[in-house]
1. Quote to one decimal, in nm, the extra length available between residue 257 and residue 377 on full extension: 0.36 nm per residue of separation minus the C-alpha distance between them.
2. If we count other beta carbons within 10 Å of each Cβ, what is the order of 513, 124, 261, fewest first?
3. Arranged by the count of other C-beta atoms within 10 angstrom, fewest first, what order do 213, 86, 231 take?
4. State whether the stretch 189-282 is rounded, prolate or oblate according to the following rule on the C-alpha gyration tensor (a ≥ b ≥ c being the square roots of its eigenvalues): a/c under 1.5 gives rounded; otherwise a/b larger than b/c gives prolate, and the remaining case gives oblate.
5. Take 375, 199 and order them by how many other Cβ atoms sit within 10 Å, fewest up front.
6. Once the piece of chain linking residue 277 and residue 362 is laid out straight, how much longer is it, given 0.36 nm per residue of separation minus the C-alpha distance between them?
């Protein structure tokens with residue numbers, strides 16, 4: 001007969017009985033063999049019993065099985081056993097933690113085992129060696145090394161760690177021992193300030209880019225500082241929450257407390273500390289990380305010490321748990337410190353001060369030197385004109401026969417511009433009448449208007465004739481070209497041409513004379529217009545003909561009697 005393990009079981013017999021062998025499998029990894037020994041007895045119930053001998057019973061009693069049955073069970077375990085050195089581990093990112101794994105071959109054949117790490121910690125956990133071969137009934141201890149990187153990939157918290165032990169010959173006997181790994185938190189920030197230098201009259205704006213290189217979420221704040229108190233700072237937003245590996249941006253504004261009106265630019269350097277909100281309020285991130293490391297380390301160490309004490313008491317002890325309790329602690333958090341500078345410019349630059357000083361000097365020179373000289377020259381010219389005008393009547397009275405003086409009548413002013421008296425050249429006609437022909441005390445202010453309308457491309461004239469027995473002293477002429485016509489206007493007084501002017505050069509033009517132009521009796525003041533193109537008045541519609549107005553003002557006096 002064969003058992004569940006395939007081994008032959010011998011049939012045995014005894015004097016007075018025989019072995020009854022039964023094989024009963026209890027699972028894939030256990031063979032259970034039950035041996036029942038049935039002893040035959042002689043006699044019936046209530047009778048004395050004697051062991052059967054030979055082929056029958058003594059005294060002729062019937063043969064029957066004895067109620068006393070001896071049953072023995074033999075259980076043979078066919079499994080793969082493994083045990084981790086520590087039930088829990090604590091490791092810091094950037095550090096190393098080790099523990100042991102003991103693998104035992106409980107099979108009856110030589111078996112090779114492949115060791116694989118499973119779980120969230122598989123990326124940074126190794127087993128050395130990763131493959132072992134064991135004889136039946138032997139065991140071997142391997143090293144499990146945990147080295148989480150100091151990066152956002154190693155998130156803080158508790159994670160399960162499993163080692164899959166896969167037999168080569170009996171893969172159905174795979175087993176996975178598990179433990180818990182605690183990754184301590186750490187805080188690390190990467191920051192940059194752009195631009196590093198700003199120029200402005202009152203404020204400068206900067207951008208601060210921050211990246212969370214730690215393994216736990218955190219809130220980032222900016223803490224600007226300056227040696228003096230010339231600047232005020234404001235961050236927008238005031239705080240920024242970042243997940244591990246996430247980047248963000250905060251805007252920083254530096255504002256000067258007062259303006260610089262004149263002088264040289266001022267340089268204000270400052271520093272910006274980028275750190276978690278706990279550090280800004282006085283609860284450092286390093287303390288938090290240290291507390292987390294300190295909390296986990298005693299547990300691991302305590303577990304190791306307890307195991308060592310138990311092993312020492314039992315006389316076992318592998319010496320590997322001491323290595324498991326040792327964890328390298330990373331360096332504390334270094335908060336980024338960024339340097340910036342704000343160059344405050346003056347409101348008025350230096351060259352502007354020099355320009356203002358030069359203008360002020362010119363203004364003072366004008367009032368102190370040039371203006372008095374101009375006023376003196378104008379005063380002298382006015383005095384000369386008054387003296388010349390007062391001398392003219394005396395010369396006329398001295399002339400024989402009372403003939404008009406050429407000095408007074410032959411120099412009418414031909415104005416060279418508006419408001420410029422006496423600007424023309426003397427006429428060669430010599431037909432102006434001297435003031436000696438006017439009766440003193442008879443002059444009265446008089447004016448006349450000449451209206452000239454001319455078709456396009458034609459010429460026309462308008463005139464004002466001095467009445468008989470009168471002398472007209474012209475002092476002002478006002479010409480109006482209200483349509484904006486184009487053409488030519490010629491003004492004459494008697495036989496003397498006063499001016500010729502293009503119509504398109506003016507809309508309103510006036511002429512004034514200090515020494516009047518005298519027009520004798522029966523002579524006319526004429527306005528001759530040559531129309532090239534009528535203009536467009538304010539109505540917006542082009543006129544059909546040119547239209548000019550000439551207003552003449554002066555004194556109209558009687559001629560002296562007896563001349």
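No lab work stands behind these numbers, since they all come straight from the coordinates. The shown structure was predicted, so the numbers you read here are calculated from the model rather than taken from an experiment. Methodologically, a virtual Cβ is constructed for each residue, glycine included, from the backbone with ideal geometry; neighbour enumeration extends over all protein chains shown.
1. Values: separation 120, 0.36 × 120 = 43.20 nm, distance 5.59 nm.
Gain in length upon complete extension: 37.6 nm.
2. Numbers: 513 23, 124 19, 261 8.
With the fewest neighbours first, 513, 124, 261 line up as 261, 124, 513.
3. Least crowded to most crowded, the residues run 213, 231, 86.
4. Details: a/c = 3.04, a/b = 2.32, b/c = 1.31.
Taking the square roots of the gyration eigenvalues as a ≥ b ≥ c, the stretch 189-282 is prolate.
5. If I rank by nearby Cβ atoms, fewest first, I get 375, 199.
6. 24.4 nm
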